[in-house]
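Q: Have a look at this one before I ask anything.
The values are calculated or read from the model by the stated rules, or taken from the named source; none is laboratory data. The structure displayed is predicted, hence computed values, not measured ones. Cβ: placed from backbone, ideal geometry, glycine included. Neighbour counts: every protein chain shown. For the accessible areas, the whole protein counts, side chains as well, though only heavy atoms, and no ligand, DNA or RNA atoms are used. Shrake-Rupley method; radii C 1.70, N 1.55, O 1.52, S 1.80 Å.
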Amino acid sequence: MTAAGTGPGIGRRRLLGGVAAGLAVAAGGVALTGREAAPAQARGRGGEREEVRRPRADRSVFLGTYTSSGGAGIILAEYTADATLTSTGTVGGVPDPSYLALAPDGGTLYAVDEQQEGAVTALALPAQGPPKVLGSRPTGGAGPCHLSVHPGGRWLLSANYTSGSVAVHPIDPADGSLGERTDLVTHSTPPPGPGQDGPHAHQILTAPDGGHVLAVDLGTDTVYTYRLDTSAGKLAEASRATLRPGAGPRHLTFHPSGRFAYLANEVDNTVVVCGYDPGSGRLTPGEPQPTGTGEGTSYPAQLLVTADGAFAFLANRGHNSLTRYAVEDGGARLRLLDTVPVGGDFPRQIAFSPDGRLLFAANQRSGTVTVFAVDADSGALVRRGEPFAAAAAVCVLPR
């Protein structure tokens, strides 16, 4: 998540979010609505003991933050049907947990540790009691900023932004803990795009076909497709799709059909509709199209597609808005409809509630989470509730 002309490494990622994330709340942000937590304790990886109360499984939210910019750690919350968020505690001991993912069975939470010596951490989510940190494993790279769980639940995939590499860790089927890394692949070609100092892996996810893993690299303007050996945990490159120089691809989202994907380009402020062949894993990018935010770049962050494949939404950090698209031609076309103010500053990541009726936005600079109701017929977004204060909030994961 870089801007051209800024310095290299993790510091450059922090520049866009700004240290102001933690200061926004102190300077007048909305106060937490948390009620008293019942006495329960969890010990973090660094030995911290945090007061927490286990959130309800049906309407719980996990928030990832930058602890190095004033964030509290992994924040636990609950939400109501009318989108009121209530704090239930925090889990400490995980440094800079800037991205989170759940195991398919919902029993384990995984977090990146976005540090120079990157790591991934597993946390058990028992039916009763607070989350429990199971341990961490090094990713073999610097600045991991994204992770996902393979649909089979046996492998954790992570992307090291600063070092431009992707890693694979085995997941213990008994308790969800992580084993030693089984693979590490560094993106060495093509050469970096304009204004980039090297490869910068920004996302890694499994395609809907389940047979291919795609890694989006902002630094090389390339999306790499791999096959994952689910016995050995090894990645083998199957194909690659190269965007125009300086596009800065950041985040890829698939249409429910599995035949199309939508790519947010951070640097040149565009989105691209891509064809996808499940047999070969080949991604074929189309022409770049506008985000609806005007001239210049607004640092597009992430796209979401509704479960019925009818609408797509894009978070624009610089413009502080959400772009709404109609999805047409069976997924082959995005038609720009409008942009809606996000109600916060620098929406870093967005997520749907499991039923798709709510859209959550984590606003990094304002240190808030805003929530929208999603109209199923029109895709219209309507703000619900008050902003929820969470310093340096960069990831929201409702369930």
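Q: Being open to solvent by 40 Å² or more (accessible area, probe 1.4 Å) and either touching a Gly at 6+ places or on another chain (Cβ under 8 Å) or not β-branched (Val, Ile, Thr) (or both) is the filter here, so list the residues in the stretch 344-384 that pass it.
A: Asp345, Phe352, Pro354, Asp355, Arg357, Arg365, Asp375, Ala376, Asp377, Ser378, Arg383, Arg384
Q: Right, here's the next one. So which residues in the stretch 104-127 are out of contact with any Ser or Thr (no Cβ under 8 Å at 6 or more places or on another chain) and open to solvent by 50 Å² or more (accessible area, probe 1.4 Å), if there are any at all?
A: Of everything in the stretch 104-127, those that are out of contact with any Ser or Thr (no Cβ under 8 Å at 6 or more places or on another chain) and open to solvent by 50 Å² or more (accessible area, probe 1.4 Å) turn out to be Pro104, Asp105, Gln115, Glu117, Ala127.
Q: Out of Pro130, Pro191, I need the residue that is surrounded by fewer than 17 Cβ atoms within 10 Å (Cβ to Cβ) and either outside any strand (DSSP E or B) or among the acidic types (Asp, Glu) (or both). Which one?
A: Going through Pro130, Pro191 in turn, just one is surrounded by fewer than 17 Cβ atoms within 10 Å (Cβ to Cβ) and either outside any strand (DSSP E or B) or among the acidic types (Asp, Glu) (or both): Pro191.
Q: On the given criteria, is Pro199 part of a loop (DSSP other than H, G, I, E, B), open to solvent by 20 Å² or more (accessible area, probe 1.4 Å) and touching a residue at least 24 places away in the same chain (Cβ under 8 Å)?
A: yes
Q: Okay, next question. Would you check which residues across the stretch 320-363 are free of Cβ contacts under 8 Å to residues at least 40 places away in the same chain and either charged (D, E, K, R) or out of contact with any strand residue (DSSP E or B) (no Cβ under 8 Å at 6 or more places or on another chain) (or both) and list them?
A: The answer is Glu328, Asp329, Arg335, Asp355, Arg357.
Q: Any idea how many residues of the stretch 72-100 are open to solvent by 10 Å² or more (accessible area, probe 1.4 Å), outside any strand (DSSP E or B) and of a type outside the set (A, V, I, L, M, F, W, C)?
A: 6
Q: Of the conditions (1) without any contact (Cβ under 8 Å) to a residue 40 or more places away in the chain; (2) farther than 22 Å from Leu359 by Cα, Thr108 fails just one. Which one is it?
A: Against the list (1) without any contact (Cβ under 8 Å) to a residue 40 or more places away in the chain; (2) farther than 22 Å from Leu359 by Cα, Thr108 comes up short only on (1).
Q: Can you pull out every residue in the stretch 101-127 that is within 22 Å of Thr186 (Cβ to Cβ) and in a loop (DSSP other than H, G, I, E, B)?
A: Glu114, Gln115, Gln116, Glu117, Gly118
Q: Among the residues in the stretch 321-335, are any under 19 Å from the mean Cα position of the chain (by Cα) and surrounded by 24 or more Cβ atoms within 10 Å (Cβ to Cβ)?
A: The answer is yes; a qualifying residue exists.
Q: Now a separate question. Hey, does the stretch 376-386 have a residue that's in contact with a Lys or Arg (Cβ under 7 Å, 6 or more places away or on another chain), among the β-branched types (Val, Ile, Thr) and more than 26 Å from Val223 (Cβ to Cβ)? Before you say what the answer is, go through the steps one by one.
A: Kept after step one, since they are in contact with a Lys or Arg (Cβ under 7 Å, 6 or more places away or on another chain), are these residues of the stretch 376-386: 379, 381.
Of the ones still in play, those that are also among the β-branched types (Val, Ile, Thr) are none.
No, there is no match, as no residue in the stretch 376-386 is in contact with a Lys or Arg (Cβ under 7 Å, 6 or more places away or on another chain), among the β-branched types (Val, Ile, Thr) and more than 26 Å from Val223 (Cβ to Cβ).
Q: Let me ask something else. Output the qualifying pairs, or none if there are none: Cβ atoms under 6 angstrom, residues six or more apart or on different chains, first residue in the stretch 210-223 and under 20 Å from Ser257 (Cα atoms) and touching a residue at least 12 places away in the same chain (Cβ under 8 Å), second residue open to solvent by 10 Å² or more (accessible area, probe 1.4 Å) and among the polar types (S, T, N, Q).
A: Val213/Thr206
Q: While we're here: Identify the single condition in (1) surrounded by 14 or more Cβ atoms within 10 Å (Cβ to Cβ); (2) modelled with pLDDT under 95 that Glu36 does not satisfy, given that it satisfies every other one.
A: All conditions are met except number (1).
Q: Could I ask something else about it? Quickly run through the stretch 277-301 and pick out the residues that are over 15 Å from Asp221 (Cβ atoms) and open to solvent by less than 10 Å² (accessible area, probe 1.4 Å).
A: Gly281, Thr291, Ser298, Ala301
Q: Give the residues of the stretch 248-276 that are without any contact (Cβ under 8 Å) to a residue 60 or more places away in the chain and over 19 Å from the mean Cα position of the chain (by Cα), sorted by residue number.
A: Once the filter is applied, which keeps residues that are without any contact (Cβ under 8 Å) to a residue 60 or more places away in the chain and over 19 Å from the mean Cα position of the chain (by Cα), the stretch 248-276 yields Gly258, Asp268, Cys274, Gly275.
Q: If you go through the stretch 236-268 one residue at a time, how many are open to solvent by less than 10 Å² (accessible area, probe 1.4 Å), under 19 Å from Gly296 (Cβ atoms) and assigned to a loop (DSSP other than H, G, I, E, B)?
A: Looking only at that region, the number is 3.
Q: Let me ask something else about it. Using beta carbons and a limit of 6 Å, which pairs, at least six apart or on different chains, have the first residue in the stretch 284-310 and without any contact (Cβ under 8 Å) to a residue 24 or more places away in the chain and the second one crowded, with 20+ Cβ neighbours inside 10 Å?
A: Filtered contacts from the stretch 284-310: Gly286/Val272; Gly286/Val273.
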